[in-house]
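The values are calculated or read from the model by the stated rules, or taken from the named source; none is laboratory data. For clarity, every value in this text was computed on a predicted model and none was experimentally measured. Here the Cβ is made from the backbone with ideal geometry for all residues, glycine too, and neighbour counts use every protein chain on show. These area figures cover heavy atoms from the full protein model, side chains too; ligands, DNA and RNA do not enter into them. Shrake-Rupley method; radii C 1.70, N 1.55, O 1.52, S 1.80 Å.
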Amino acid sequence: MQIREFQQLIDKMYSERDRQRGPAKTFIWFAEEFGELARAIARRKHDEMEGEFADVFAWLVTLANVEGIDLEAAIQKFTTGCPGCRQMVCVCAAKMD
Ligand SMILES: [Mg+2]
Ligand SMILES: [Zn+2]
């Protein structure tokens, strides 16, 4: 499935309710899922992590829908290299912690 197809699927499933709720409250739901992902990573449970990655991604896509952002178009800036250094293999100063 392409990112655009997934965004359309999520839009159909959730966006009417999410637009009613609004971006600020929708972001709080996204943040909650973000926390669940952090907990799953800390617990080192692969199945849990998989589920939470999906939840975080779905809520990110929902937020993009609420704000009218086309994610497939938005990520194009990465297809020509790192947005920081323009290289296909990033040579920006390492962000190790
Ligand atoms: Mg979750
Ligand atoms: Zn870079």
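Against the condition charged (D, E, K, R), part of a helix (DSSP H, G or I), surrounded by 12 or more Cβ atoms within 10 Å (Cβ to Cβ) and in contact (Cβ under 8 Å) with a residue 24 or more places away in the chain, how does residue 55 come out, does it pass? No: the conditions fail for residue 55. Please work out if residue 19 is open to solvent by 50 Å² or more (accessible area, probe 1.4 Å), in contact (Cβ under 8 Å) with a residue 60 or more places away in the chain and either more than 16 Å from ligand 2 (Cβ to nearest atom) or not in a helix (DSSP H, G or I) (or both). It is false that residue 19 is open to solvent by 50 Å² or more (accessible area, probe 1.4 Å), in contact (Cβ under 8 Å) with a residue 60 or more places away in the chain and either more than 16 Å from ligand 2 (Cβ to nearest atom) or not in a helix (DSSP H, G or I) (or both). Going by the structure shown, is residue 47 surrounded by 14 or more Cβ atoms within 10 Å (Cβ to Cβ) and over 13 Å from the mean Cα position of the chain (by Cα)? The answer is no for residue 47.
Which of the residues spanning the stretch 1-16 are closer than 24 Å to residue 75 by Cβ, open to solvent by 80 Å² or more (accessible area, probe 1.4 Å) and of a type outside the set (Lys, Arg)?
Passing the criteria: 1, 2, 5, 8, 13, 14.
Within the stretch 22-44, the residues that satisfy the criterion of being open to solvent by 100 Å² or more (accessible area, probe 1.4 Å) and of a type outside the set (D, E, K, R) are 27, 28, 29, 34. Residue count for the stretch 1-19, restricted to those that are at pLDDT 95 or above and farther than 18 Å from residue 69 by Cβ: 0.
One residue stands out among those in the stretch 55-97 that are of a type in the set (Lys, Arg) and on the phi < 0 side of the Ramachandran plot: the one that is modelled with the highest pLDDT, which is 77. No other residue among 66, 61 is among the β-branched types (Val, Ile, Thr), in a helix (DSSP H, G or I), away from ligand 1 (no atom under 16 Å from the Cβ) and open to solvent by less than 30 Å² (accessible area, probe 1.4 Å) apart from 66.
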